[in-house]
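Asks: There's a structure below that I have some questions on.
The values are calculated or read from the model by the stated rules, or taken from the named source; none is laboratory data. The structure presented is a predicted model; accordingly, all values stated were derived computationally and were not measured. So basically every Cβ, Gly included, is an ideal-geometry build from the backbone, and we count neighbours across all protein chains shown. All accessible areas refer to the heavy atoms of the entire protein, side chains included, with ligands and DNA or RNA removed. Shrake-Rupley method; radii C 1.70, N 1.55, O 1.52, S 1.80 Å.
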Amino acid sequence: MCTLHIEEETHLAVMGSRNLTRTPSPMPMQRPPDGELTLFDISWADVLIPNMSVYLSLKDLFNLRSCSRTALRFVESALEMRTELHLSGNNTDNIQLGFKVLARCCRRLEQLHLASCKWLTDELLLPLLQNNKQRLSAVNLNECVNITALSLQPIIVQCKELRVLKLSKCQWLTTGAVDALTLHQNKLIEFDISYCGAIGERCLIIFFRKLNKLTVLSLANTPSVTDQVLIQIGNYCRELEHINLIGCAAISDYGVHALTNCCPQLQSLMVQRCPLVTERVLAPLRGRLHIDRPSMGYNMPAMHHRLYLQV
C-alpha cells in the first residue's frame, strides 16, 4: 500500500473531522493547497463503493482501513453496503477482532457463510445478526461447534427473508429449536441438518408439513429420519429436487418409494449406507434421477422383475 503525502493526509484528516459518523459519500470536492485531487475525492456512493470496493477482499479492506482516518471511514462505509460475508473455514489468529468490526459495520448482509469457524461464539455472532436480520436470506453455520441455540433465536424469529439455512454437525440444535423454526419459517428452499442427533422424529414430521417450497434437503446421518418422515416430505415438499439421506439407517424401501413417487421434480437421491434401501426400489428410478449408489440389480431375473412390477 502506498504512503500518502503530508498534504494529502492533511486534506483527508480535515475531511474526516467534518463528520465522525459513517457516510457513503465525502463532502464536495475541494482541492488541497497543491491543487491535486486524491482518490477519496471521487464520489464514494456512485463510484468507489460500487465499482472499486467490491473487488477488494476483506484483507484488502482491512489493510486500507489502517492507512488513515478517511480510509477507515471509507472502508466502514463500504462494509455497511456489503451484501455477502464469506468466512467459512477461516480460523486465522485474532480473526475475532476483525469479526467485531464486521459485526458493527455490516448492515445490509443477505448472504452469511461462517461454516467451520471454530472461534465463533454467541457473543460474537449475535450483534451481527441483530444488525442484519431484515435482509438475511442465506445463513451457513455448518460445524460451528462453539455457538448455541441462543444464536438461532434472531434467525428464526426475525429473519423473514430467510431461504437457506445450513446447520450440519451442530449438536446444539435441539427439538425445541426445530419447533420454533416450524412456527416462524416456512419459506426455506434449502435446509441442512445433517449429523444433528438431538432432533426427534415427531418434530421433523411436523416441521416438513410447512416446507412446501423446499428444493434441497440434507438429512445425512440424522438418526430420527424414518420412513414416516420421508412420507411427510413426499406429501408436503412436492418441489423437492435434491435429497441427501446418506447414513439414515432407519429408512427402508417403503419410505423411499413414498418419497420418490410424490416428488416429480426430484433429480438426485443419495442413499449410501442405508442398509434397508435395496435395488428393489432403486432400479426403477435409475435413468430418471441420479442415485449415488452403484447399481446392484440390473441383472435381476425376469420372474423377480415381473413380481416387483405387480407389487
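Asks: Sticking with the crude label model, points 7 Å out along Cα→Cβ, report the distance from GLN272 to ASP179 in nm, one decimal please.
Replies: Calculated label separation equals 3.6 nm.
Asks: If R₀ is 22 angstrom, what is the calculated FRET efficiency for the pair GLN153 and ARG104, using the beta carbon separation as r and rounding to 0.05?
Replies: E between GLN153 and ARG104, to the nearest 0.05, is 0.65.
Asks: If you don't mind, there's one more thing I want to ask. So what's the Cα pair-distance distribution over the stretch 123-220, bin width 10 Å, in %?
Replies: 16, 55, 27, 2
Asks: Moving on. Ignoring ligands, DNA and RNA, what accessible area per residue does the stretch 197-284 give at 1.4 Å, in Å²?
Replies: 40 Å²
Asks: Ok, one more. Relative to a virtual label point 7 Å from the Cα of ARG135 in the Cα→beta-carbon direction, which members of the stretch 58-99 show backbone nitrogen distances below 17 Å?
Replies: 58, 74-87
Asks: For HIS113, tell me the accessible area in Å² from a 1.4 Å probe, rounded to the nearest 10.
Replies: Solvent-accessible area, nearest 10 Å²: 40 Å².
Asks: Say the dipole of the stretch 108-185 comes from +1 at the beta carbon of Lys and Arg and -1 at that of Asp and Glu; which of LEU124, ASN140, LEU183 then lies farthest toward its positive end?
Replies: ASN140
Asks: With just the Cα atoms of the stretch 164-226, tell me how far they stretch along each of the three principal axes, in Å, largest first.
Replies: The Cα atoms of the stretch 164-226 stretch 24, 21, 19 Å along the principal axes, largest first.
Asks: Another question about this same structure. Per the Kirkwood treatment, what hydrodynamic radius in Å, one decimal, follows for the stretch 127-286 from the mean inverse distance over all distinct Cα pairs?
Replies: 15.8 Å
Asks: With label points built 7 Å along Cα→Cβ from the Cα atoms of ILE206 and LYS160, find their separation and express it in nm.
Replies: Between ILE206 and LYS160, the simple spin-label model gives 2.4 nm.
Asks: What ranking of SER43, SER88, SER194 comes out by heavy-atom accessible area, probe 1.4 Å, highest first?
Replies: Putting SER43, SER88, SER194 in descending order of accessible area: SER88, SER43, SER194.
Asks: Roughly how many nanometres apart are two label points built 7 Å out from the Cα toward the Cβ at LEU285 and GLU123?
Replies: With each label point 7 Å from Cα toward Cβ, the separation is 4.7 nm.
Asks: Please work out the FRET efficiency for the pair SER295 and ALA249, using the Cβ-Cβ distance as r and a Förster radius of 25 Å; give the result to the nearest 0.05.
Replies: Once the sixth-power term is evaluated, E becomes 0.75.
Asks: Moving on to the next point. Keeping the other protein chains in place, figure out the carbon and sulfur percent of the accessible area of the stretch 79-192, with a 1.4 Å probe.
Replies: After summing per-atom areas, the C and S share lands at 48 percent.
Asks: Within a Cβ distance under 10 Å of VAL101, other residues only, what is the Lys/Arg minus Asp/Glu net charge?
Replies: Taking every Cβ under 10 Å from that of VAL101, the sum is +2.
Asks: To continue, here is another question. Any chance you could check the Cα centroid distance between the stretch 180-195 and the stretch 57-82 for me, in angstrom?
Replies: If we compute the Cα centre of each part, the gap is 35 Å.
Asks: Quick one: if the Förster radius is 51 Å, what FRET efficiency do LEU97 and ILE42 give, using the C-beta to C-beta distance and rounding to 0.05?
Replies: Working from the Cβ atoms, E equals 0.95.
Asks: Roughly how many debye, to the nearest 20, is the charge dipole of the stretch 58-135 about its Cα centre, given +1 on each Lys and Arg Cβ, -1 on each Asp and Glu Cβ, and no other charges?
Replies: With only Lys, Arg, Asp and Glu charged at Cβ, the dipole is about 240 debye.
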